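Report on one structure; see the data block that follows.
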Amino acid sequence: MTTNEEKKRQPIGVFDSGVGGISVLRELIRVMPNENYIYLGDSKHAPYGTKPLETVRELTFENARLLLAQGAKGLVVACNTATSAAVRLMRSTYPQLPIVGIEPALKPAALQKEHPRVLVMATPMTVQQEKFRQLMARYEEKAEIYPLPCPGLMEFVEAGDLESEKLHDFLLELLGPYLDKKLDSVVLGCTHYPFARKMIQNIVGDTVTIFDGGAGTAREMRRRIAVADLLNPSEEHGWVKFENSVATEEELALCRRLLEWEI
Ligand code: DGL
């Protein structure tokens, strides 16, 4: 039986369909550097965003089980797709556990100025889900919102391709139809996309503000862990352990590279 004092030193479990959630892990480390983390990427089954809802739910629960089996004291669903598909169900399955999901950062983008034009980039599943429709309904009188499903984009990040001309051409084709819409902001509604942030900014131009939900998710996790009295009392810098359903050395090297990558 673990005491509460022991539990405080246990890791926070973070997971995603692949390596994208490392953009959230970076924010978690910034907000709680003394915590320990296990990051689980399910690259074997990526992408989630084009799979049926039931499949994504099952995969999401499997990731949670794997992390809980290693003693995770809380879970961050660092995937917008898995959050929209399963976070509510997961909270009712594990009512005592601090669980935080991520959703597209539409709120700050929509409230940024008077009636802004906001493009929301996300996976096909995220934009189809009821959760996103409700989020959009909340802000549609305050902003002109364009949801843009981006199938194929996360695959570049999964392959470690963050700078190629091929990625640039792909983004240009995707964003081209919106370039004359006088956008005020772009929301990166998938945790893989911050790794392509610089290229996206180059294409949409400097006047467009880019939002992602990573920092807000990390702050929310800190709050939830504090409420549960599970903050790690250690004053040392914590550790990060990477795990992936594709357990190759290349995959783990990509995880470490993304942790350091300048966004
Ligand atoms: N990183 C995931 C997200 O935030 C999804 C990518 C995918 O598996 O399709 O939505």
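The values are calculated or read from the model by the stated rules, or taken from the named source; none is laboratory data. Quick caveat: nothing in here was measured; it's all calculated off a predicted structure. As a convention, Cβ positions derive from the backbone with ideal geometry for all residues, glycine included, and neighbour counts pool all protein chains shown. Heavy atoms of the whole protein, side chains included, go into the accessibility calculation; ligands, DNA and RNA do not. Shrake-Rupley method; radii C 1.70, N 1.55, O 1.52, S 1.80 Å.
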> Restricting the search to the range 212-260, which residues are open to solvent by 40 Å² or more (accessible area, probe 1.4 Å) and of a type in the set (S, T, N, Q)?
Replying inline: S245, T248
> Does at least one position in the range 124-131 carry a residue that is open to solvent by 10 Å² or more (accessible area, probe 1.4 Å), modelled with pLDDT of 95 or more, within 16 Å of the ligand (Cβ to nearest atom) and closer than 26 Å to T207 by Cα?
Replying inline: yes
> Across the range 1-25, which residue is farthest from E249 (Cα to Cα) among those that are touching a Pro at 6+ places or on another chain (Cβ under 9 Å) and either surrounded by fewer than 21 Cβ atoms within 10 Å (Cβ to Cβ) or of a type in the set (D, E) (or both)?
Replying inline: E5
>> Looking at the range 179-201 only, could you name the residues that are out of contact with any helix residue (DSSP H, G or I) (no Cβ under 8 Å at 6 or more places or on another chain), assigned to a helix (DSSP H, G or I) and either without any contact (Cβ under 8 Å) to a residue 40 or more places away in the chain or open to solvent by less than 80 Å² (accessible area, probe 1.4 Å) (or both)?
In response: R197, Q201
>> Whether any residue in the range 146-162 is more than 30 Å from E250 (Cβ to Cβ), crowded, with 18+ Cβ neighbours inside 10 Å and touching a strand residue (DSSP E or B) at 6+ places or on another chain (Cβ under 9 Å) is what I want to check.
In response: yes
> Can you tell which of L119, L89 is over 28 Å from G13 (Cα atoms), more than 12 Å from the ligand (Cβ to nearest atom), more than 15 Å from the chain's Cα centre (by Cα) and of a type in the set (A, V, I, L, M, F, W, C)?
Replying inline: L119
> What is the residue count in the range 46-83 for residues that are of a type outside the set (V, I, T), in a helix (DSSP H, G or I), more than 8 Å from the ligand (Cβ to nearest atom) and in contact (Cβ under 8 Å) with a residue 24 or more places away in the chain?
Replying inline: 9
> Looking at the range 25-43, is at least one residue within 18 Å of the chain's Cα centre (by Cα), among the charged types (D, E, K, R) and assigned to a loop (DSSP other than H, G, I, E, B)?
Replying inline: yes
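I need the full set of residues from the range 152-177 which are within 22 Å of N244 (Cα to Cα), assigned to a loop (DSSP other than H, G, I, E, B) and touching a helix residue (DSSP H, G or I) at 6+ places or on another chain (Cβ under 8 Å), in order please.
G152, G160, D161, L162 - these are the residues of the range 152-177 that are within 22 Å of N244 (Cα to Cα), assigned to a loop (DSSP other than H, G, I, E, B) and touching a helix residue (DSSP H, G or I) at 6+ places or on another chain (Cβ under 8 Å).
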> From N34, N4, which residue is away from the ligand (no atom under 15 Å from the Cβ) and at pLDDT 95 or above?
Replying inline: N34
